[in-house]
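Just below is one structure, and these are the notes that go with it.
The values are calculated or read from the model by the stated rules, or taken from the named source; none is laboratory data. What you see is a predicted model; the values in this text were computed from it and never measured. Please note: Cβ atoms are built from the backbone with ideal geometry, for glycine as well, and neighbour counts cover all protein chains shown. The area values use the complete protein model at the heavy-atom level, side chains included, leaving out ligands, DNA and RNA. Shrake-Rupley method; radii C 1.70, N 1.55, O 1.52, S 1.80 Å.
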Amino acid sequence: MTADWTGSAIAMLEADANRSADTHLHVFPLPAEWGIDLYLKDESVHPTGSLKHRLARSLILYALVNGRIHDGSTLVEASSGSTAVSEAYFARMLGLSFVTVVPRSTSQEKIDLIEFYGGRCHFVDAASDMYAEAERLAAECGGHYLDQFTYAERATDWRGNNNIAESVFSQLSRERHPIPSWIVVGAGTGGTSATFGRYVRYRRHDTRIAVVDPEGSAFYGGWANQDPSFTTGTPSRIEGIGRPRVEPSFVPGIIDEMIPVPDAASIAAIRLLKQRTLHWAGGSTGTNLVGAFQLIARMLRDGERGSVVTLICDGGARYLDTYYSDDWVAERGWDLAPHRARMEHFLSSGEWREE
Ligand SMILES: Cc1ncc(COP(=O)(O)O)c(C=O)c1O
């Protein structure tokens, strides 16, 4: 009986959530006399290693309660990254097949991770072909296209229900600045920034939302020009964030500020993070950190005290042969040294030197 299967599937997802402890909120060490605290919400400790564990659970729950998934359904996605890894995990839990459409350039590590959880990768030559191919595959096999880029902002409960925002605010409740001045995140689907932005408005906190964007991404241009059709056609080099087009789940209205960040700066930042805190993170965490440093420098300049929160989005082990490889970085012509020097200067003086 479909209702029984759907009911037991939902119960399994709820049980998984119940088994999972909440992710940590770490302190990034800043000089105490600044009167500003920087926090890192560590989403890399989720069972599937990234912030996408929450989204994957929400997307599958959303499809279940909408009657779009049944016993024996095949789940389809367009993602080469963290989302596919997490969706494969939940599909296996529900005894469903999972196939994700990925660009042929996807790293073997990511493919191995998706296959480790029982998923199958379907390759396309160009990243821009992923959406249509996922639609076609789902229609061909009578499966369901989970479509993170469209449904991320709809599937996540922005009011609470232990979403990432509610978790952060409850973990800050005993800190000296419990209501952060800024929350800094990147955008891949745009779902995470939408959840934070809606939550702080719903709770009437005067917390501002800043979204960082890597080189070649369409989000910054789309937001700055208020043009949802803005495109760059350029794939991002920082996994998980930055898109060649403005995705449907990107909600510009909740964003107070966008900060473009050079890719080399993102990579320099995660290496600095590892040395200063032993936290080993992926590139999008570096992009977050550079944005957070800039805002903290401005707060210091303006005599503002308070707290800033950003995310560790996924773990660094996935990027051993890329972002943490000097050869790989050099092949891309990225000079990390000037970015490193700027961050070191900031951490000792509080001043952020412009490029
Ligand atoms: C590693 C990583 N960081 C950040 C993000 C951005 O999250 P969102 O899709 O919620 O905008 C993603 C999204 O895929 C990601 O994989």
Exercise. Which residues, counting only those in region 199-222, are open to solvent by 60 Å² or more (accessible area, probe 1.4 Å) and within 14 Å of the ligand (Cβ to nearest atom)?
Worked result: Tyr220
Exercise. Between a first residue in region 319-344 that is assigned by TED's automatic domain parsing to the domain that holds Ile267 and a second residue that is open to solvent by 60 Å² or more (accessible area, probe 1.4 Å), which pairs have beta carbons less than 6 Å apart while being 6 or more apart in sequence or on different chains?
Worked result: Arg342/Arg353
Seminar exercise, completed: Considering residues that are aliphatic (A, V, I, L, M), outside any loop (DSSP other than H, G, I, E, B), within 15 Å of the ligand (Cβ to nearest atom) and farther than 24 Å from Trp158 by Cα, the number found within region 234-288 is 5
Problem set entry | Filtered residues of region 160-181 (kept if more than 21 Å from Thr285 (Cα to Cα) and open to solvent by 10 Å² or more (accessible area, probe 1.4 Å)) | Asn161, Asn162, Ser170, Ser173, Arg174, Glu175, Arg176, His177, Pro178, Ile179
For this session: Looking only at region 87-100, count how many residues are touching a strand residue (DSSP E or B) at 6+ places or on another chain (Cβ under 7 Å) and within 15 Å of the ligand (Cβ to nearest atom).
Result: 3
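Quick grid of which residues meet (1) open to solvent by 50 Å² or more (accessible area, probe 1.4 Å); (2) not in a helix (DSSP H, G or I):
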residue: Asp129; (1), (2): yes, no
residue: Arg136; (1), (2): yes, no
residue: Thr150; (1), (2): no, no
residue: Trp158; (1), (2): yes, yes
residue: Ile183; (1), (2): no, yes
Seminar exercise, completed: Every listed condition ((1) away from the ligand (no atom under 16 Å from the Cβ); (2) open to solvent by less than 40 Å² (accessible area, probe 1.4 Å); (3) among the small types (Gly, Ala, Ser)) holds for Ala21 save (2)
Seminar exercise, completed: Screening Val261, Val251 for residues that are closer than 17 Å to Asp335 by Cα and of a type outside the set (D, E, K, R) leaves only Val261
For this session: Among what's in region 298-326 and is aliphatic (A, V, I, L, M), at pLDDT 95 or above and surrounded by fewer than 22 Cβ atoms within 10 Å (Cβ to Cβ), pick the residue that is nearest to the ligand (Cβ to nearest atom).
Result: Met299
Problem set entry | Residue in region 102-116 that is more than 16 Å from the ligand (Cβ to nearest atom) and buried (at least 18 other Cβ atoms within 10 Å of the Cβ) present | no
Exercise. So which of Ser86, Ser58, Ser44 is outside the structural domain of Ala139 (by TED's automatic domain parsing) and in a helix (DSSP H, G or I)?
Worked result: Ser44
Exercise. Mind checking which pairs have a first residue in region 278-295 that is open to solvent by 10 Å² or more (accessible area, probe 1.4 Å) and a second that is near the ligand (Cβ under 8 Å from one of its atoms), Cβ under 9 Å, 6 or more apart or different chains?
Worked result: His279/Thr285
Seminar exercise, completed: Over region 62-85, the set of residues surrounded by fewer than 24 Cβ atoms within 10 Å (Cβ to Cβ) and within 16 Å of the ligand (Cβ to nearest atom) is Tyr62
